[in-house]
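Input: a single structure, listed below in structure tokens.
The values are calculated or read from the model by the stated rules, or taken from the named source; none is laboratory data. These numbers come from a predicted model, not from an experiment. Because the Cβ atoms are built from the backbone with ideal geometry, glycine has one as well, and the counts that use them run over all protein chains shown. Calculation scope for accessible area: heavy atoms of the full protein, side chains included, ligands and nucleic acids excluded. Shrake-Rupley method; radii C 1.70, N 1.55, O 1.52, S 1.80 Å.
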Amino acid sequence: MSVPGPPTPDGVLTGPPEGLGAGDPIPGLSDTSPDEGLIEDLTIEDKAVEQLAEGLLSHYLPDLQRSKQALQELTQNQVVLLDTLEQEISKFKECHSMLDINALFTEAKHYHTKLVNIRKEMLMLHEKTSKLKKRALKLQQKRQKEELEREQQREKEFEREKQLTAKPAKRT
């Protein structure tokens with residue numbers, strides 16, 4: 001078994017450390033069984049892992065808690081912003097609907113004015129037709145009266161001519 005040497009600048013191990021040959025024993029490694037001292041090494045390793053984990057947590061935990069708190073604040077601010085945005089959108093929709101309502105009222109006012117004008121015109125036409133009917137009735141009555149007078153005049157003339165015509169004298 002060969003132990004790799006120091007890493008190269010790119011991090012890849014290429015061979016045994018400097019000063020050691022391929023078959024030379026590595027200082028610190030014994031030829032004893034690998035199972036010897038395993039339990040002791042595990043407890044030492046467990047303690048070391050625990051201490052390292054505690055150190056790592058104590059080093060990064062405050063920053064992580066601040067980050068968590070900052071993220072919670074950001075989330076709350078986002079919720080507030082979303083609510084505000086929804087309110088603004090609803091206000092814009094109301095304004096748009098108000099513009100539509102205003103347009104409808106303007107249109108209704110325009111048509112109301114048209115209806116009022118049509119009504120005035122119809123009343124005026126009704127008055128004119130009433131006056132024309134009265135005038136036509138008076139003219140008809142006048143013609144009938146004139147016709148009656150002419151007829152009476154003709155009858156008078158006929159009577160006068162009748163009276164003027166010579167009558168044979170009656171012999172008694």
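Cβ-Cβ below 8 Å, separation at least six or inter-chain, first residue in segment 56-83 and touching a residue at least 40 places away in the same chain (Cβ under 8 Å), second outside any helix (DSSP H, G or I) and open to solvent by 100 Å² or more (accessible area, probe 1.4 Å): which pairs?
none
Might you let me know whether segment 136-156 holds any residue that is loosely packed, with under 10 Cβ neighbours inside 10 Å and either acidic (Asp, Glu) or out of contact with any Pro (no Cβ under 7 Å at 6 or more places or on another chain) (or both)? Lay out the reasoning, then the answer.
Here is the first cut: in segment 136-156, the ones loosely packed, with under 10 Cβ neighbours inside 10 Å are none.
The answer is no; no qualifying residue exists.
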